[in-house]
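Notes for the one structure printed next.
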Amino acid sequence: MASALATSTAVLSSPLAAASASASASSVRRLRAVPPSRGQRYQALRADSGFAGNRRGGGRGASVVCGVQGQDTSIQVPDVTKSTWQSLVMESELPVLVEFWATWCGPCKMIDPVVGKLSKEYEGKLKCYKLNTDENPDIATQYGVRSIPTMMIFKNGEKKDAVIGAVPESTLITCIDKFC
């Protein structure tokens with residue numbers, strides 16, 4: 001039994017696992033029951049999250065509670081389409097920020113709340129719209145959009161600047177401030 005314990009202790013990599021293994025042979029069997037790829041992270045996840053099977057009961061894990069559940073706090077940016085492009089973007093008296101996006105695009109979902117926040121901050125100085133590139137490929141092609149998200153600034157009906165990718169808010173502010 002001592003040789004089996006010694007060999008299994010050598011295989012265990014963490015000090016906690018080694019200490020548990022040296023405590024008793026039954027603890028070695030329990031540690032072997034958890035696949036090595038899942039190891040302590042799996043056990044910690046079970047203990048902290050309160051998954052079914054957590055024998056310790058409540059009080060030890062952490063829980064996250066949203067302050068306002070069920071409410072979307074982001075500002076919705078209105079859509080622009082091929083039929084509204086001319087009146088909303090080209091003929092606008094204010095500079096216009098257009099976010100070229102798609103529903104399946106992860107980075108687009110990341111940048112959307114930032115664009116919404118900027119639309120609120122620059123209200124009266126800048127108009128912000130979203131253009132779904134899957135539903136309006138003609139406009140995206142016309143302006144050479146090859147990657148999304150792409151944010152373009154239009155002023156007096158002309159494309160003035162473009163920012164590609166889910167960039168920090170400060171990058172968009174720098175770009176907007178050139179034209180507002």
Cut-off 11 Å between beta-carbons: net charge of the residues surrounding Leu97, Lys and Arg +1, Asp and Glu -1: +3
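Under the rule a/c < 1.5 gives rounded, and otherwise a/b versus b/c splits prolate from oblate, where does region 79-130 land using the Cα gyration tensor?
Here region 79-130 falls in the oblate category.
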Ordering of 157-164, 91-98 by packing [mean C-beta count within 10 Å, highest first]: 91-98, 157-164
Local electrostatic count at Ile111 - Lys and Arg +1, Asp and Glu -1, tallied over other residues with Cβ under 14 Å: 0
Mean projection area, nm², convex hull over Cα of region 84-178: 5.5 nm²
Lysine-lysine proximity count for region 84-178, Cα under 19 Å, sequence distance 8 or more or distinct chains: 24
Fraction of antiparallel bridges per DSSP, region 84-178 only, in percent to nearest 5: 65 percent
Surface accessible to a 1.4 Å probe, per residue, for the residues of region 84-178, Å²: 51 Å²
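Ignoring ligands, DNA and RNA, how do Thr133, Thr141 rank by accessible area with a 1.4 Å probe, largest first?
If we order Thr133, Thr141 from most to least accessible, we get Thr141, Thr133.
The values are calculated or read from the model by the stated rules, or taken from the named source; none is laboratory data. If you're wondering where the values come from, they're calculated on a predicted model, not measured in any experiment. Cβ sites come from the backbone with ideal geometry, for glycine too, and all protein chains shown count toward neighbours. Note: accessible area is taken over every heavy atom of the protein model, side chains too, but ligands, DNA and RNA are not part of it. Shrake-Rupley method; radii C 1.70, N 1.55, O 1.52, S 1.80 Å.
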